[in-house]
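The values are calculated or read from the model by the stated rules, or taken from the named source; none is laboratory data. Since the model is a prediction, treat every value here as computed from it, not as a measurement. We place every Cβ from the backbone using ideal geometry, glycine too, and count neighbours over all the protein chains shown. What goes into the accessible areas is simple: the full protein's heavy atoms, side chains included, and nothing from ligands, DNA or RNA. Shrake-Rupley method; radii C 1.70, N 1.55, O 1.52, S 1.80 Å.
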Amino acid sequence: MPTRAAKRIEFDRSSFRRRRTRRAPGAQIAALEFGFEGKAVSLHQEALSAVTPIEHQQEAGEVPGIDLLQVGVDTVLAVIALEKEIQQAETARNPAAYAATNKSALTGADKWSDPTCDILVQVLDAKETIRKRIGRRPNTLVLTGGLSTDLQKNEKIREHFKHTTSSTITIPMLQTYFDIQNVVAGDGIYDQQDGTTVDIWGTEAILAWVPPAGQRQMPLPSYGYTYRLRGHPLVEPARWDGDIRSWKNDVLDEFSAELVGADAGFLFQGAR
(Lines give C-alpha, C1' and ligand atoms only; values in the text may rest on other atoms or scores of the structure.)
Protein backbone atom coordinates (compact mmCIF):
# COMPACT_ATOMS: atom_id res chain seq x y z
CA MET A 1 0.00 0.00 0.00
CA PRO A 2 1.24 3.54 -0.73
CA THR A 3 -0.45 4.95 2.40
CA ARG A 4 -0.96 3.84 6.00
CA ALA A 5 -4.75 4.10 5.81
CA ALA A 6 -7.08 3.22 2.94
CA LYS A 7 -10.18 1.23 2.10
CA ARG A 8 -9.83 -2.36 1.02
CA ILE A 9 -12.15 -3.60 -1.68
CA GLU A 10 -14.54 -6.36 -0.63
CA PHE A 11 -16.77 -7.46 -3.50
CA ASP A 12 -20.40 -8.45 -3.10
CA ARG A 13 -22.03 -11.34 -5.00
CA SER A 14 -23.25 -9.28 -7.97
CA SER A 15 -21.19 -11.23 -10.49
CA PHE A 16 -22.78 -14.54 -9.41
CA ARG A 17 -26.33 -13.43 -10.19
CA ARG A 18 -27.88 -14.60 -13.44
CA ARG A 19 -29.09 -11.63 -15.47
CA ARG A 20 -30.79 -10.85 -18.76
CA THR A 21 -28.06 -10.33 -21.31
CA ARG A 22 -29.87 -11.13 -24.58
CA ARG A 23 -30.51 -8.09 -26.79
CA ALA A 24 -32.82 -7.68 -29.79
CA PRO A 25 -31.57 -5.63 -32.78
CA GLY A 26 -32.10 -1.93 -32.11
CA ALA A 27 -32.85 -2.42 -28.43
CA GLN A 28 -31.03 -0.54 -25.75
CA ILE A 29 -28.18 -2.43 -24.09
CA ALA A 30 -28.96 -3.20 -20.47
CA ALA A 31 -26.63 -1.65 -17.92
CA LEU A 32 -25.11 -3.38 -14.96
CA GLU A 33 -23.88 -1.62 -11.87
CA PHE A 34 -21.88 -3.82 -9.59
CA GLY A 35 -20.84 -2.90 -6.11
CA PHE A 36 -18.21 -3.46 -3.54
CA GLU A 37 -17.80 -2.48 0.06
CA GLY A 38 -14.84 -0.35 0.99
CA LYS A 39 -13.69 -1.38 4.46
CA ALA A 40 -11.06 0.58 6.32
CA VAL A 41 -7.52 -0.77 6.54
CA SER A 42 -5.19 0.85 9.04
CA LEU A 43 -1.61 -0.35 9.03
CA HIS A 44 0.19 -0.58 12.36
CA GLN A 45 3.90 -0.20 12.90
CA GLU A 46 6.20 -2.78 14.42
CA ALA A 47 9.66 -1.43 15.27
CA LEU A 48 12.80 -2.57 17.08
CA SER A 49 16.33 -1.27 17.17
CA ALA A 50 19.34 -3.51 16.63
CA VAL A 51 21.96 -2.44 19.16
CA THR A 52 25.61 -3.36 18.63
CA PRO A 53 28.04 -2.33 21.38
CA ILE A 54 31.33 -1.04 19.97
CA GLU A 55 33.27 -3.53 22.09
CA HIS A 56 31.42 -6.47 20.54
CA GLN A 57 31.87 -5.05 17.05
CA GLN A 58 35.61 -4.65 17.58
CA GLU A 59 36.01 -8.21 18.82
CA ALA A 60 33.87 -9.65 16.01
CA GLY A 61 35.94 -7.68 13.52
CA GLU A 62 38.89 -9.90 14.37
CA VAL A 63 37.01 -12.94 13.04
CA PRO A 64 36.86 -13.12 9.22
CA GLY A 65 33.36 -13.20 7.72
CA ILE A 66 31.45 -11.83 10.73
CA ASP A 67 29.56 -8.55 10.32
CA LEU A 68 27.95 -8.00 13.71
CA LEU A 69 25.84 -5.05 12.51
CA GLN A 70 24.35 -7.27 9.81
CA VAL A 71 23.76 -10.09 12.29
CA GLY A 72 21.88 -7.68 14.57
CA VAL A 73 19.70 -6.34 11.75
CA ASP A 74 18.91 -9.85 10.50
CA THR A 75 17.92 -10.93 14.02
CA VAL A 76 15.54 -8.00 14.45
CA LEU A 77 14.03 -8.59 10.99
CA ALA A 78 13.37 -12.20 12.01
CA VAL A 79 11.71 -11.10 15.28
CA ILE A 80 9.39 -8.70 13.44
CA ALA A 81 8.61 -11.36 10.80
CA LEU A 82 7.69 -13.75 13.64
CA GLU A 83 5.28 -11.15 15.06
CA LYS A 84 3.70 -10.74 11.63
CA GLU A 85 3.12 -14.50 11.31
CA ILE A 86 1.57 -14.60 14.79
CA GLN A 87 -0.87 -11.85 13.80
CA GLN A 88 -1.66 -13.60 10.49
CA ALA A 89 -2.40 -16.83 12.35
CA GLU A 90 -4.60 -15.07 14.92
CA THR A 91 -6.62 -13.54 12.07
CA ALA A 92 -6.99 -16.81 10.17
CA ARG A 93 -7.80 -18.88 13.27
CA ASN A 94 -10.57 -16.59 14.57
CA PRO A 95 -13.78 -18.69 14.37
CA ALA A 96 -15.97 -15.57 14.67
CA ALA A 97 -14.82 -14.52 11.18
CA TYR A 98 -16.40 -17.60 9.54
CA ALA A 99 -20.01 -18.42 8.78
CA ALA A 100 -21.39 -21.51 10.50
CA THR A 101 -21.21 -23.38 7.18
CA ASN A 102 -17.48 -22.66 6.82
CA LYS A 103 -16.16 -24.07 10.08
CA SER A 104 -16.26 -27.31 12.01
CA ALA A 105 -15.29 -27.96 15.63
CA LEU A 106 -13.69 -31.41 15.66
CA THR A 107 -13.90 -33.80 18.59
CA GLY A 108 -13.03 -37.40 19.37
CA ALA A 109 -12.34 -39.63 16.37
CA ASP A 110 -12.99 -36.72 13.99
CA LYS A 111 -9.77 -35.03 15.08
CA TRP A 112 -7.06 -35.31 12.46
CA SER A 113 -4.61 -36.39 15.15
CA ASP A 114 -6.63 -39.60 15.55
CA PRO A 115 -4.83 -42.19 13.36
CA THR A 116 -8.18 -43.71 12.30
CA CYS A 117 -9.78 -40.41 11.19
CA ASP A 118 -11.01 -40.25 7.60
CA ILE A 119 -9.56 -36.81 6.89
CA LEU A 120 -10.16 -36.99 3.15
CA VAL A 121 -13.96 -37.07 3.61
CA GLN A 122 -13.82 -33.94 5.76
CA VAL A 123 -11.61 -32.12 3.24
CA LEU A 124 -13.82 -33.10 0.30
CA ASP A 125 -16.92 -31.82 2.12
CA ALA A 126 -15.16 -28.54 2.97
CA LYS A 127 -13.95 -28.13 -0.62
CA GLU A 128 -17.52 -28.47 -1.81
CA THR A 129 -18.69 -25.89 0.74
CA ILE A 130 -16.18 -23.38 -0.62
CA ARG A 131 -17.03 -24.20 -4.24
CA LYS A 132 -20.72 -23.52 -3.60
CA ARG A 133 -19.86 -20.09 -2.19
CA ILE A 134 -17.24 -18.79 -4.63
CA GLY A 135 -17.37 -21.06 -7.68
CA ARG A 136 -13.76 -22.17 -7.17
CA ARG A 137 -12.19 -25.10 -5.42
CA PRO A 138 -9.66 -24.28 -2.70
CA ASN A 139 -6.00 -24.58 -3.61
CA THR A 140 -4.30 -24.24 -0.21
CA LEU A 141 -4.34 -26.30 2.99
CA VAL A 142 -2.51 -24.95 6.04
CA LEU A 143 -1.62 -27.49 8.73
CA THR A 144 -0.33 -26.59 12.15
CA GLY A 145 3.15 -28.08 12.52
CA GLY A 146 2.16 -31.12 14.58
CA LEU A 147 -0.61 -32.05 12.16
CA SER A 148 1.84 -32.66 9.33
CA THR A 149 3.42 -35.27 11.60
CA ASP A 150 0.02 -36.70 12.59
CA LEU A 151 -0.95 -37.15 8.95
CA GLN A 152 2.15 -39.28 8.38
CA LYS A 153 0.71 -41.69 10.98
CA ASN A 154 -2.85 -41.69 9.66
CA GLU A 155 -3.91 -45.23 8.79
CA LYS A 156 -5.98 -44.37 5.73
CA ILE A 157 -3.27 -42.16 4.24
CA ARG A 158 -0.59 -44.78 4.86
CA GLU A 159 -2.82 -47.45 3.32
CA HIS A 160 -3.29 -45.26 0.23
CA PHE A 161 0.48 -44.99 -0.27
CA LYS A 162 1.49 -48.45 0.94
CA HIS A 163 2.73 -49.52 -2.48
CA THR A 164 5.05 -46.52 -2.96
CA THR A 165 8.77 -46.68 -2.34
CA SER A 166 8.71 -43.75 0.08
CA SER A 167 9.04 -44.74 3.73
CA THR A 168 7.34 -41.54 4.96
CA ILE A 169 4.39 -39.45 3.86
CA THR A 170 5.73 -36.24 2.30
CA ILE A 171 4.06 -32.90 1.63
CA PRO A 172 3.93 -33.55 -2.16
CA MET A 173 2.18 -36.85 -1.41
CA LEU A 174 -0.40 -35.04 0.73
CA GLN A 175 -0.99 -32.59 -2.13
CA THR A 176 -1.77 -35.55 -4.38
CA TYR A 177 -3.92 -37.29 -1.76
CA PHE A 178 -6.12 -34.26 -1.11
CA ASP A 179 -5.88 -32.94 -4.71
CA ILE A 180 -4.77 -29.56 -3.38
CA GLN A 181 -2.04 -27.54 -5.05
CA ASN A 182 -0.44 -26.15 -1.88
CA VAL A 183 -0.18 -28.01 1.41
CA VAL A 184 1.75 -25.93 3.91
CA ALA A 185 3.05 -26.94 7.32
CA GLY A 186 2.92 -24.03 9.78
CA ASP A 187 5.95 -25.03 11.84
CA GLY A 188 6.48 -21.65 13.53
CA ILE A 189 6.64 -21.40 17.32
CA TYR A 190 7.18 -18.66 19.89
CA ASP A 191 7.97 -18.48 23.59
CA GLN A 192 5.60 -16.73 25.98
CA GLN A 193 6.71 -14.57 28.89
CA ASP A 194 6.37 -17.53 31.28
CA GLY A 195 8.73 -19.59 29.13
CA THR A 196 6.14 -21.93 27.61
CA THR A 197 6.40 -22.59 23.89
CA VAL A 198 3.36 -22.12 21.66
CA ASP A 199 2.59 -23.34 18.12
CA ILE A 200 1.79 -20.22 16.07
CA TRP A 201 -0.95 -22.01 14.11
CA GLY A 202 -2.46 -23.61 17.20
CA THR A 203 -4.44 -26.81 16.69
CA GLU A 204 -6.31 -25.73 13.56
CA ALA A 205 -6.24 -26.63 9.87
CA ILE A 206 -7.36 -24.09 7.27
CA LEU A 207 -8.55 -24.74 3.74
CA ALA A 208 -8.66 -21.74 1.41
CA TRP A 209 -8.72 -20.33 -2.11
CA VAL A 210 -5.64 -18.12 -2.56
CA PRO A 211 -5.02 -16.36 -5.90
CA PRO A 212 -1.91 -17.73 -7.65
CA ALA A 213 1.25 -15.64 -7.72
CA GLY A 214 0.92 -12.82 -10.23
CA GLN A 215 -2.81 -12.44 -9.56
CA ARG A 216 -2.59 -11.02 -6.04
CA GLN A 217 -3.81 -7.46 -6.20
CA MET A 218 -5.99 -5.39 -3.91
CA PRO A 219 -9.11 -5.43 -6.17
CA LEU A 220 -9.14 -9.21 -6.64
CA PRO A 221 -11.18 -11.54 -4.41
CA SER A 222 -9.16 -13.77 -2.09
CA TYR A 223 -9.35 -15.55 1.24
CA GLY A 224 -7.01 -13.03 2.81
CA TYR A 225 -4.27 -10.49 2.29
CA THR A 226 -1.52 -8.94 4.34
CA TYR A 227 -1.39 -5.26 3.44
CA ARG A 228 2.06 -3.70 3.83
CA LEU A 229 3.34 -0.16 3.47
CA ARG A 230 5.36 0.29 0.30
CA GLY A 231 9.13 0.09 0.87
CA HIS A 232 8.88 -2.01 4.03
CA PRO A 233 10.38 -3.64 5.98
CA LEU A 234 12.72 -0.67 6.36
CA VAL A 235 16.19 -0.66 7.90
CA GLU A 236 17.51 2.74 8.90
CA PRO A 237 21.23 3.47 8.49
CA ALA A 238 23.39 2.81 11.55
CA ARG A 239 23.66 5.73 13.99
CA TRP A 240 26.03 6.19 16.90
CA ASP A 241 24.64 6.41 20.46
CA GLY A 242 27.42 7.82 22.59
CA ASP A 243 25.56 7.31 25.87
CA ILE A 244 25.82 3.54 25.53
CA ARG A 245 28.75 3.49 23.06
CA SER A 246 26.76 1.42 20.59
CA TRP A 247 25.63 1.49 17.01
CA LYS A 248 21.87 1.39 16.46
CA ASN A 249 19.89 0.29 13.40
CA ASP A 250 16.17 1.02 13.60
CA VAL A 251 14.10 -1.64 11.83
CA LEU A 252 10.44 -0.93 10.99
CA ASP A 253 7.58 -2.71 9.28
CA GLU A 254 3.98 -1.53 8.81
CA PHE A 255 1.28 -4.04 7.89
CA SER A 256 -2.16 -5.43 8.65
CA ALA A 257 -3.36 -9.03 8.18
CA GLU A 258 -6.94 -9.07 6.88
CA LEU A 259 -9.40 -11.92 6.27
CA VAL A 260 -11.15 -10.36 3.28
CA GLY A 261 -13.12 -13.34 1.94
CA ALA A 262 -14.16 -15.79 4.65
CA ASP A 263 -16.42 -17.59 2.12
CA ALA A 264 -13.19 -18.69 0.40
CA GLY A 265 -11.99 -20.47 3.54
CA PHE A 266 -12.91 -23.31 5.88
CA LEU A 267 -11.68 -23.61 9.46
CA PHE A 268 -11.18 -27.01 11.08
CA GLN A 269 -11.16 -26.13 14.77
CA GLY A 270 -9.29 -28.39 17.13
CA ALA A 271 -7.98 -30.62 14.36
CA ARG A 272 -5.20 -31.66 16.71
Determine whether the stretch 42-58 contains at least one residue that is surrounded by 12 or more Cβ atoms within 10 Å (Cβ to Cβ), more than 30 Å from Ile244 (Cα to Cα) and within 21 Å of the chain's Cα centre (by Cα). yes
Looking at the stretch 155-235, what strands (runs of 3 or more DSSP E) fall wholly within it and have at least 2 residues that are under 22 Å from Asp263 (Cα atoms) and not hydroxyl-bearing (Ser, Thr, Tyr)? 182-186, 205-208
Just for the stretch 59-90: of the residues that are in a helix (DSSP H, G or I), among the β-branched types (Val, Ile, Thr) and open to solvent by 40 Å² or more (accessible area, probe 1.4 Å), which one is farthest from Asp243 (Cα to Cα)? Val79
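Mind listing whichever residues of the stretch 22-73 are polar (S, T, N, Q) and at pLDDT 90 or above?
First, the residues of the stretch 22-73 that are polar (S, T, N, Q): 28, 42, 45, 49, 52, 57-58, 70.
Listed by number, the residues that qualify are Ser42, Gln45, Ser49, Thr52, Gln70.
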Apart from one, (1) farther than 22 Å from Arg4 by Cα; (2) surrounded by fewer than 19 Cβ atoms within 10 Å (Cβ to Cβ); (3) of a type in the set (Gly, Ala, Ser) all hold for Gly231; the odd one out is (1)
In the stretch 172-187, anything in contact with a strand residue (DSSP E or B) (Cβ under 8 Å, 6 or more places away or on another chain) and in contact (Cβ under 8 Å) with a residue 40 or more places away in the chain is listed as Phe178, Ile180, Gln181, Asn182, Val183, Val184, Ala185, Gly186
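Has the stretch 234-245 got at least one residue that is among the acidic types (Asp, Glu) and under 14 Å from the mean Cα position of the chain (by Cα)? Break it down stepwise before answering.
Just the residues of the stretch 234-245 that are among the acidic types (Asp, Glu), to begin with: 236, 241, 243.
Now drop any that are not under 14 Å from the mean Cα position of the chain (by Cα), which leaves none.
No, that holds for no residue.
Could you tell me whether Ile169 is more than 30 Å from Arg4 (Cβ to Cβ), surrounded by 15 or more Cβ atoms within 10 Å (Cβ to Cβ) and free of Cβ contacts under 8 Å to residues at least 40 places away in the same chain? Even if it seems obvious, please write down each step before you answer.
On the way: more than 30 Å from Arg4 (Cβ to Cβ): yes; surrounded by 15 or more Cβ atoms within 10 Å (Cβ to Cβ): yes; free of Cβ contacts under 8 Å to residues at least 40 places away in the same chain: yes.
Considered against the rule, which asks whether it is more than 30 Å from Arg4 (Cβ to Cβ), surrounded by 15 or more Cβ atoms within 10 Å (Cβ to Cβ) and free of Cβ contacts under 8 Å to residues at least 40 places away in the same chain, Ile169 comes out as yes.
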Give me a count of the residues in the stretch 67-117 that are in contact with a Ser or Thr (Cβ under 8 Å, 6 or more places away or on another chain) and of a type in the set (Ser, Thr, Tyr). 1
Number of positions in the stretch 123-146 that are more than 17 Å from Leu106 (Cα to Cα) and among the hydrophobic types (A, V, I, L, M, F, W, C): 2
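Checking the structure you have, find out if any residue of the stretch 152-159 is open to solvent by 70 Å² or more (accessible area, probe 1.4 Å), among the acidic types (Asp, Glu) and touching a residue at least 40 places away in the same chain (Cβ under 8 Å). Lay out the reasoning, then the answer.
First, pick out the residues of the stretch 152-159 that are open to solvent by 70 Å² or more (accessible area, probe 1.4 Å): 153, 155-156, 158-159.
Cutting the leftovers down to among the acidic types (Asp, Glu) gives us 155, 159.
If we keep only those that are touching a residue at least 40 places away in the same chain (Cβ under 8 Å) too, we end up with 155.
Yes.
Quick one: in the stretch 94-121, which of the residues that are touching a strand residue (DSSP E or B) at 6+ places or on another chain (Cβ under 7 Å) and not in a strand (DSSP E or B) is surrounded by the most Cβ atoms within 10 Å (Cβ to Cβ)?
Step one: list which residues in the stretch 94-121 are touching a strand residue (DSSP E or B) at 6+ places or on another chain (Cβ under 7 Å), which gives 95, 98, 102-106, 112.
Of the ones still in play, those that are also not in a strand (DSSP E or B) are 95, 98, 102, 106, 112.
On the way: Pro95: 13, Tyr98: 19, Asn102: 19, Leu106: 20, Trp112: 24.
Ranking the candidates gives Trp112 first.
Right, Leu252: under 30 Å from Ile9 (Cβ atoms) and modelled with pLDDT of 95 or more or not? Explain how you work it out, then say what you get.
On the way: under 30 Å from Ile9 (Cβ atoms): yes; modelled with pLDDT of 95 or more: yes.
Spelling it out, Leu252 is indeed under 30 Å from Ile9 (Cβ atoms) and modelled with pLDDT of 95 or more.
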